[in-house]
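Derivation of every value follows stated rules applied to the coordinates shown; laboratory data play no part. Owing to the predicted nature of the structure, the values given are computational and were not obtained by experimental measurement. Note: ideal-geometry Cβ built from the backbone for every residue, glycine included; neighbour counts use all protein chains shown.
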Amino acid sequence: MSVATFMNRVAGTLMTSTFLSVANALSWAGFFLLLAVVCLICLLFLYLLLPETKGRALEDMSTYFAEITGDRSILDVEETLARQTSNPGGSSPEASPARERASLVSTPAEKIPQDAHIVGTLA
């Protein structure tokens, strides 16, 4: 995130420091035509190279990008979770952290206060 912010600041600095000299060299119409061409190139990049994520779960997208980039850590976690869900009654040592995590996450309805929606993320 900090790299994106830094690059945003660099691009903004370049645009503001070179705007008048480039606009005088190309004319105002030419400069804004140049900006339109840059926007079209960005649009083509987004349309052609980025995948559609509408209707896909976040877990599916993280697996998809892990396969593209070769990130084995995410793929290993997904495989471990798949083994745990396929063998829920087994006594493997890997299943106990998942059960412990599920017991921490699941809260019975009688323990949730009636005004939990007022507090925000209490429930």
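Kindly state, to the nearest 0.05, the FRET efficiency for Glu52 paired with Ala4, given R0 = 22 Å and r defined as their beta-carbon distance.
Step by step, r from the Cβ atoms, then E = 0.50.
At a Förster distance of 35 Å, what's the computed FRET efficiency of Leu14 paired with Arg72, Cβ-Cβ distance as r, to 0.05?
E between Leu14 and Arg72, to the nearest 0.05, is 0.40.
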